[in-house]
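The values are calculated or read from the model by the stated rules, or taken from the named source; none is laboratory data. All figures in this text were calculated on a predicted structure; none of them were measured in a lab. We place every Cβ from the backbone using ideal geometry, glycine too, and count neighbours over all the protein chains shown. For accessibility, only protein heavy atoms count, side chains too; no ligands or nucleic acids. Shrake-Rupley method; radii C 1.70, N 1.55, O 1.52, S 1.80 Å.
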Amino acid sequence: ELKQEITRTLTADNPHVPRDIVRFNFKERAYKLVDDMDQTAVHFTLNGYLIHKDSDEGRRQSIRSSTEAGSFIEKAPVEAAAEPTEEGETKDEESTEEAEGEGGGEGEGEGEGEKEPQVTEAVEEEPPPQKAPERKLANQFNFIERGSTTYHYPLREKGLQTDPAPFETFSENVNLWFIYDSYVEELERMEKAKEKEKAKPVAVKKEDQKTGRKLSYVEPPHVDSLSKVAKAAKIAERMVNLNTYDDIAQDFKYFEDASDEYRGQKGTLLPLWKFQYEKTKKLAVTALSWNPKYKDLFAVGYGSYDFMKQGHGMLLLYTLKNPSFPEYSFSSESGVMCLDFHSDHPHLLAVGFYDGNVAIYNLKKASPQPSYKSGAKSGKHTEPVWQVKWQKDDMDSNRNFFSVSSDGRIVSWTLVKNELVHMDVIKLSADETTMQGPEGLQLQTLGSGISFDFHKKIDYLFLVGTEEGKIYKCSKSYSNQFLDVFEAHHMAVDTVSWNPFHLKVFISCSSDWTVKIWDHTIKTPLFVYDLSTAVGDVAWSPYSSTVFAAVTIDGQAHVFDLNVNKLEPLCTQLVVTRKKNKTTHVQFNPADPVIIVGDERGLITCLKLSPNLRKKPKEKKGQETKKGPEEEIAKLEKLLSLVRQPGSKE
């Protein structure tokens, strides 16, 4: 196929011309196929306003303009002649008054005698009327002529010209002034910006009055007073908080619960810091994400899951070094529903909103607005965006991420030339649900995506959880069909996540009270856990392939370890103490043995895992030692093999 030659011929035919047009031929009284179709493609048309000078209308306009110019010139000399006579009379009157004051009656006779000859001279010197020159019509395309060039006005007042220019170029030049003003304003703005950047300290000499010596000091550039001390104030604030929360910091670093030795396999969660912001007390925690580079930094999205209580949202970034105040704060018109940090560029944060928009925040830029945001013209979702995930850069090294929404669309967003370009990867369809349309027409309804996750090793493979309770196994290469469908839950699949160590295993949770663990090659779940209430979120641990945590709407956090107990959680602890408050999300820290839990009142609680909840398997004698992910994969593979054997007692 690569060696096959494909010849393409370029022709002047219009590819959009309709073919096989049949028309009735009255001469032959039959329908005939039209062969000679017009191939002309009109791309641009413009109605002109130029008239040929030799045409009738051109001659009439030239005659009309010449007569108007002649009448204007005839009136001008008469007015010009009248003006000097009046000026002469006023000058003579002034001179006679001076003469009367000095010389008496002689001045009167001289003054009266001088007036008459000046008037007669002015009347006699009246110039003969000149013939009006024939006016030539301006050619708008001849740029040498004055009518088609830019006229420069030295003086103007309030946007109007004071220079006596021809009337026909007045309206054109007024528009040119507006263009000129915009360019001048832009240049001034650029010059001011350059001056701020290039502002350097100036050395100023000052004379000491006591000693008489000249002292030189450096005058600092004009900088905002708050920006000077911002960094120092942040460091001082962290030091104060470390002193205030010193006991919590000591527990975070060194405390190990010794009572685990007497609990057998059970463990506990030690509450550490609590993060809360004054402006987010009435908002729910809708998303949590740890920064992949700075292990103490995490982002929190605030919004509302209640359809009737939608309003503004907020995006905050906290650090464990300063629990009293967020490091970054961004507000939005719509609620934030999901977010995700870029693994290779930790300053880029993708965010999905309740109104269907997606945005990218750049933490390096001190701007309250996102650097890039979708809109109605750029393919935004029509329903809330429930999850976003960064992916590897494409072939052209462009950043891209995916989003899933209730409108059934899974969209790929690519950052091309400072613009978000969208492409629909797949559209979910509800197979068994149809709507009755007009005249008995069956309308197929779209599925509603709630969550999704991409495989850690296989780039094209990903899972999608829907509001109907199904989980679709999809591929980026196939947009019209699914690789497999799992009848997972009876209610919405709130979270679906691949195991970070084992390539075949993933976990899901739902509002039907269950958490299920799956092998994507088997249609039935491997483990099913009933937590007796709706499950809000579930997350795998980054240090063990068999440890995961889940939160329920009754305010409790559950930690499981399949290697220790495959039936029950090792820890079930109440995290939220207030009534009518629900826990919404949970996330493991990628480096330290802590988790963060968010609730519906905007509070984030940090908890430390006791030693029993983070045990690693002991090495057996005579067995090769495995380190890192290989050890975790082998451990989980052993558990799966036991589950697959129907007669196994374990």
Roll a 1.4 Å probe over the protein heavy atoms and report the accessible area of Glu487 in Å², nearest 10.
-> 130 Å²
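Does the stretch 285-420 classify as rounded, prolate or oblate by the C-alpha gyration tensor (a ≥ b ≥ c root eigenvalues; a/c under 1.5 gives rounded; else a/b over b/c gives prolate, otherwise oblate)?
Cα axes put the stretch 285-420 in the oblate bin.
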R0 of 41 Å, Cβ-Cβ distance Asp306-Arg263: FRET efficiency to nearest 0.05 | 0.55
Amide H partners (placed H, <5 Å) of Thr286, local residues excluded = Gly301, Tyr302, Gly303
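Kindly state, to the nearest 0.05, the FRET efficiency for Leu574 paired with Asn398, given R0 = 41 Å and r defined as their beta-carbon distance. Could the numbers behind the result be given before it?
Numbers: r = 46 Å, r/R0 = 1.13.
It comes out at approximately 0.30.
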Probe 1.4 Å, all protein chains in place: accessible area of Met190 in Å², nearest 10?
-> 80 Å²
Return the FRET efficiency for the residue pair His455, Gln250: r is the Cβ-Cβ distance, R0 is 41 Å, and the value is rounded to the nearest 0.05.
-> 0.50
What does the accessible area of Asp247 come to, in Å² to the nearest 10, when a probe of 1.4 Å is used?
-> 100 Å²
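Assuming 0.36 nm per residue, please report the length gained on full extension of the stretch Ser378 to Gln481 beyond their Cα-Cα distance.
Between Ser378 and Gln481, full extension yields an extra 34.6 nm.
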Charge-dipole axis of the stretch 309-365 as Lys and Arg at +1 and Asp and Glu at -1 on Cβ define it, positive-most pick from His342, Leu315, Asn357 = Leu315
Accessible heavy-atom area order of Lys470, Lys266, highest first, probe of 1.4 Å | Lys266, Lys470
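Mind checking the full-extension length gain between Asp530 and Val229? Use 0.36 nm per residue of separation minus the Cα-Cα distance, one decimal, nm.
103.0 nm
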How long is the gain from Ile522 to Met239 if the chain were fully straight, where each residue apart is worth 0.36 nm and the alpha carbon distance is subtracted?
-> 96.5 nm
Per-residue ³J(HN,Hα) for the stretch 397-402, Karplus 6.51 cos²θ - 1.76 cosθ + 1.60, θ = phi - 60°, Hz, x for Gly and Pro = 6, 8, 5, 8, 9, 10
Protection proxy ranking, peptides 421-427, 521-527, average beta carbon neighbours within 10 Å, highest first = 421-427, 521-527
